[in-house]
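K.L.:
Right, I'll just put the structure down here and ask away after.
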Amino acid sequence: TALPERRRPGGGRPRYEVVRELGAEEGRWFYREDRKTWKPFIGYDSLRIELAFRALGSGGEPAAVEPVCVRSGLYEVDVASAESYPVYWNQTEKIPVMRGQWFIDGTWQPLEEEESNLIEQEHLNRFKGQQLQESFDMEISKPVDGKEAIHSLKLSRNHVDWHSVDEVYLYSDATTSKIARTVTQKLGFSKASSSGTRLHRGYVEEATLEDKPPQTSHIVFVVHGIGQKMDQGRIIKNTAMMRDTARKVEEKYFSNLATHVEFLPVEWRSKLTLDGDTVDSITPDKVRGLRDMLNSSAMDIMYYTSPLYRDELVKGLQQELNRLYSLFCSRNPEFEEKGGKVSIVSHSLGCVITYDIMTGWNPVRLYEQLLQKEEEELEDRWMSYEEQRLLEELYLTKQRLREIEERLHGLKASTISKPPVLKFKVENFFCMGSPLAVFLALRGIRPGTSGSQDHILPRTICNRLLNIFHPTDPVAYRLEPLILKHYSNISPVQIHWYNTANPLPYEHMKPSFLNPGKEATSAPEAESASAAPSPTTSPVMVRRHYGESITNIGKASILGAASIGKGLGGMLFSRFGRSSTATPQSMETGKDGPEGDEKKATTVGTPPLPHSSSGFLEPTVELEHRIDFELREGLVESRYWSAVTSHTAYWSSLDIALFLLTFMYKQDQEETDKSSLDTL
């Protein structure tokens, strides 16, 4: 096969017609992660590393060279130690970097540095100042069997033959040689092959400063739940998967935009001590594996509902978010000036903690509500003189206590200051596999009458709340029925597949019933509606044959753990809930669709909804913006297996990457292009 043409800026002719030292732009620097193959840095990075490398070697004694910022500013390269490391998170494994000068034909992988240096030195000694004949529209490498070598160099396990200035071949003398192994594996030569491998001096493409990543206009903080103790690197790997997937999507759909979304992992758990390893030490050995899978979420929730650890968790995440934001701004001073935006993607219990930080919710507030309610109830009933007197005394004492607290607060403003909130406004809050709805339900939130997101998360705090889940995720709950009750009978919005051609924009998708057929029979006006839903109107909801039981075990463990910790929430529940119909399960009826009494419970007090014959709704109140978005299930995946893996399947999903970028880029475009007021 023909080689990739050697692309040189400014035409096909070589810049240097005589052999001379390689220019900084002719070589290429590489990095290697997870012991895989060497990956080339982009031109902008490679050139700057090379200049630092040359500065390092230029003085008599090694000069102190600043680390070079690479890979969109996420990593730095220390040229002296030939290593790269991340800027925003800690990583035990260093990433080696390598200077490439000679390259293997076809793959353009660099030769190991030692051998490369020897070959380069020999090449310059022998050919410096000589004419080059090579034309850069490289022809297919011709066999050089009959051709005499004009120069040869013996290396430890191979030798290099020059058949002319620019026909250089590497021959293996010992099949065990590392370099020969990589060459033969890459190019598929048999071990015994006498033919050598052609080498090229200088990389296939020249490095230019123009080959540079676009400015970051939007940062996304990626937040995990608590179950990261065993595997601290997990959130870093997950974020890397999400970042790589988003890069693919950016290249395919958003390459014309000069902006860029950057994903940063928020690794906040490892800095906390919590219980040390007490919980781990009381776990029976045999069930460890299964328990890790099903219980990590329940375990997290028990940590979070424990008064002992809750504050530590909230503070840990909050401080890390603020630290990352400040660090990012200090390294990208133009980010804030140009109105850069911040979104948060949280997973599992991370959603609840992030929500509590944004809204400033804490259990003390719940307790105060409770006391206030008790006082009101006391005032409403008849009481004896003695009771009234004591109540007044209590009231005055509380007032006095508040005054003293305020004075003390004034004196010690620095020590008892309110915890710092976030240093940035959140544009989008994406929840993935989130139990947030259960927590809100247990805190006494009930559906209202307006379709505004403000009912659960004020737009002043966060512009847009989006709840993403896999249909069989045992930890995920819907949020919409907490705002408007009848949404428990409306299916979540289906997330488009990544490769759908011209998908309908999300804001144009009409709400549709979960079970159009069933609903039609229960609502008198809808006699005319066909009982069999047509494939166009009914969402992909007829499923959960195999996965159901395990999904429910997962749900039960979440609910159980959340209720253990709810304590006060329970008192509240019986106190001001009064509407016993709105149990957490009834929020679920829309999703898991249990039959019988619970089904009735959801529709109690909801007027029958007018239907249109298409199976779509024409409800009296609609949500201003949809919040629940569901991944479409794969056509063949096993339901049982998907229930187990679905809770972690979000990271590498192209569908989700496209979904996130669609919302983030749409807002950016709308702001730059105010003419299209087609708001999301």
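K.L.:
Past 29 Å, Cα to Cα, is the threshold; run K94/K425; K271/K666; K39/K666; K39/K252; K248/K485; K373/K485 against it and keep the listed order.
P.N.:
Among K94/K425; K271/K666; K39/K666; K39/K252; K248/K485; K373/K485, the Cα-Cα distance tops 29 Å for K94/K425; K271/K666; K39/K666; K248/K485.
K.L.:
Points 7 angstrom from Cα along the Cβ direction at L124 and V421: gap in nanometres?
P.N.:
The answer from the label model is 6.1 nm.
K.L.:
Let me ask you something else. Could you give the size of the charge dipole of region 364-414 about its Cα centre, using +1 on the Cβ of each K and R and -1 on the Cβ of each D and E, expressed in debye and rounded to the nearest 20?
P.N.:
The calculated dipole for region 364-414 is roughly 420 debye.
K.L.:
Hey, another quick one. Using 0.36 nm per residue of separation minus the Cα-Cα distance, give me the extension gain between V87 and L51 in nm, one decimal.
P.N.:
10.9 nm
K.L.:
Note down the nm distance, to one decimal, between modelled labels 7 Å out along Cα→Cβ at W382 and at E622.
P.N.:
5.5
K.L.:
Next question. Under the classification rounded if a/c is under 1.5, otherwise prolate if a/b is larger than b/c and oblate if not, where does region 342-443 fall, given a ≥ b ≥ c as square roots of the Cα gyration tensor eigenvalues?
P.N.:
It comes out oblate by the Cα gyration axes.
K.L.:
For labels at Y253 and L390 in the simple 7 Å Cα→Cβ model, what's the distance in nm?
P.N.:
Once both label points are built, they end up 6.5 nm from each other.
K.L.:
Grab the Cα-Cα distance for D454 and K510, subtract it from 0.36 nm times how many residues apart they are, and report the gain in nm with one decimal.
P.N.:
18.0 nm
K.L.:
Which chymotrypsin sites (Phe, Trp or Tyr not before Pro) in region 458-507 pass both tests, a DSSP loop state and at most 15 other beta-carbon atoms within 10 Å?
P.N.:
Passing both the DSSP loop test and the Cβ count: W497.
K.L.:
Which one of Y385, L370, L408 has its Cα pushed farthest toward the positive end of the charge dipole of region 364-414, where Lys and Arg give +1 and Asp and Glu give -1 at the Cβ?
P.N.:
Sorting the options by dipole projection puts first L408.
K.L.:
Work out how much length N499 to V279 would gain on full extension: take 0.36 nm times their residue separation and subtract the Cα-Cα distance, in nm to one decimal.
P.N.:
74.7 nm
K.L.:
From a point 7 Å beyond the Cα of R400 in the direction of its Cβ, which residues of region 350-379 have a backbone N at a distance under 13 Å?
P.N.:
From region 350-379, the list is empty.
Values quoted throughout were computed directly from the atomic coordinates according to the rules given, and no laboratory measurement underlies them. Since the model is a prediction, treat every value here as computed from it, not as a measurement. No Cβ is skipped: glycine too gets one built from the backbone with ideal geometry, and neighbour counts run over all protein chains shown.
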